[in-house]
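The values are calculated or read from the model by the stated rules, or taken from the named source; none is laboratory data. Note that this is a predicted model, so its numbers are computed, not measured. Positions of Cβ are generated from backbone atoms using ideal geometry, with glycine treated the same way; all protein chains shown enter the neighbour counts. Each accessible area value is taken on the protein alone, full model and side chains, heavy atoms only, with ligands, DNA and RNA left out. Shrake-Rupley method; radii C 1.70, N 1.55, O 1.52, S 1.80 Å.
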Amino acid sequence: MDHRARLALTLVRVVTALLLVVHGVARVRLGIVDDFGRFLAGAGFPYGETIAWAITLMEIAGGFILAAGYIVRPLAAWFVVQLLAGIYLVHGREGWFVVGAGRNGVEFSVLLIACLVASALSPPTARALSRGRVRGFPWT
């Protein structure tokens, strides 16, 4: 795989991971983690607020770890499951579009899932930028 393909896959992974980080940070900064927990409890999950905090902290810490290129496959799998749960619990009933022709639909979640799957399927050299194993990038 040439360095441009590795750079493209790395960019997809890093941007996707940072979107997850921002999502978790926003939930904390807006003070809505407990609201998320009450939603989960209302959906039948025991310990809804604990689960909400675990998901939020995983988005933040796991997102940074994913961006750095560590444990990419397990983290990508975790986030895919999390996004599928979000589609099932919230976005699926809202249709496809997030804005415009609809509201709060699945399209963004599907895009994130595709990016996570691409990251998980990428060769180790495209997942290992932070470990210095990728050659040919201007900053290495």
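Just one of (1) 43; (2) 38; (3) 54 is percent of Cα pairs over 22 Å apart as worked out from the coordinates here. Which one is it? Step by step, percent of Cα pairs over 22 Å apart for this structure corresponds to label (1).
Quick check: at a probe of 1.4 Å, how many percent of the accessible area of the chain sits on carbon and sulfur atoms?
Here carbon and sulfur together make up 71 percent of the probe-accessible area.
Set the Förster distance to 30 Å, then compute FRET efficiency between ARG38 and TRP96 from the Cβ-Cβ distance, nearest 0.05. Show your work: numbers first, answer last.
Details: r = 27 Å, r/R0 = 0.91.
Computed FRET efficiency for ARG38 and TRP96: 0.65.
Full extension of the segment from TYR88 to ALA26, taken as 0.36 nm per residue of separation minus the current Cα-Cα distance, would add 20.1 nm.
So what is the accessible area of the chain per residue, in Å², with the probe set to 1.4 Å? Don't skip to the answer; put the middle values down first.
Values: 8090 Å² over 140 residues.
Accessible area per residue: 58 Å².
The ASN104 and ALA54 beta-carbon pair, evaluated with R₀ = 22 Å, returns a calculated FRET efficiency of approximately 0.40.
Calculate, in nm to one decimal, what ARG73 and ALA5 gain on full extension: separation in residues at 0.36 nm each, minus their alpha carbon distance.
Values: separation 68, 0.36 × 68 = 24.48 nm, distance 1.86 nm.
Gain in length upon complete extension: 22.6 nm.
May I ask for the longest run of the chain untouched by trypsin sites (Lys or Arg not before Pro) that are loop-located per DSSP and have at most 12 neighbouring C-beta atoms (other than their own) within 10 Å?
1-102
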